[in-house]
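The values are calculated or read from the model by the stated rules, or taken from the named source; none is laboratory data. Since the model is a prediction, treat every value here as computed from it, not as a measurement. Methodologically, a virtual Cβ is constructed for each residue, glycine included, from the backbone with ideal geometry; neighbour enumeration extends over all protein chains shown.
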């Protein structure tokens, strides 16, 4: 991917992490939804780790954010490699 897209990716991930930090410190549940949306593909990967029917878990929110960012990074790198391979074949 172009360098511009990596900057956008980093800014969106940082905004998602900051939204989750603000949700923790301010106890504002709507910011959790914002954080989940900003970290969307990775947050879907970390959702099975939540306990039962409540929106709290024994996992630290920082661990869930780390899982979400790592999953997003892996997806972005894979997409970048697939696009580069497709462009090279044309």
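Scan segment 18-45 for residues that are surrounded by 19 or more Cβ atoms within 10 Å (Cβ to Cβ) and within 15 Å of the chain's Cα centre (by Cα) and the total you get is 8.
Taking the criterion of being at pLDDT 85 or above and in contact with a helix residue (DSSP H, G or I) (Cβ under 8 Å, 6 or more places away or on another chain), the residues of segment 1-19 that qualify are 9, 12, 13, 15, 16, 17, 19.
May I ask you to verify whether residue 68 is surrounded by 15 or more Cβ atoms within 10 Å (Cβ to Cβ) and either outside any helix (DSSP H, G or I) or modelled with pLDDT of 85 or more (or both)? Write out each step before concluding.
Details: surrounded by 15 or more Cβ atoms within 10 Å (Cβ to Cβ): yes; either outside any helix (DSSP H, G or I) or modelled with pLDDT of 85 or more (or both): yes.
The answer is yes for residue 68.
For first residues located in segment 76-90 and touching a residue at least 40 places away in the same chain (Cβ under 8 Å) and on the phi < 0 side of the Ramachandran plot, partners that are outside any helix (DSSP H, G or I) and surrounded by 10 or more Cβ atoms within 10 Å (Cβ to Cβ) and lie 6+ apart or on another chain with Cβ distances below 6 Å form the pairs 80/1.
Using the structure shown, decide if residue 73 is surrounded by 12 or more Cβ atoms within 10 Å (Cβ to Cβ) and either in a loop (DSSP other than H, G, I, E, B) or modelled with pLDDT under 80 (or both). Spelling it out, it is not the case that residue 73 is surrounded by 12 or more Cβ atoms within 10 Å (Cβ to Cβ) and either in a loop (DSSP other than H, G, I, E, B) or modelled with pLDDT under 80 (or both).
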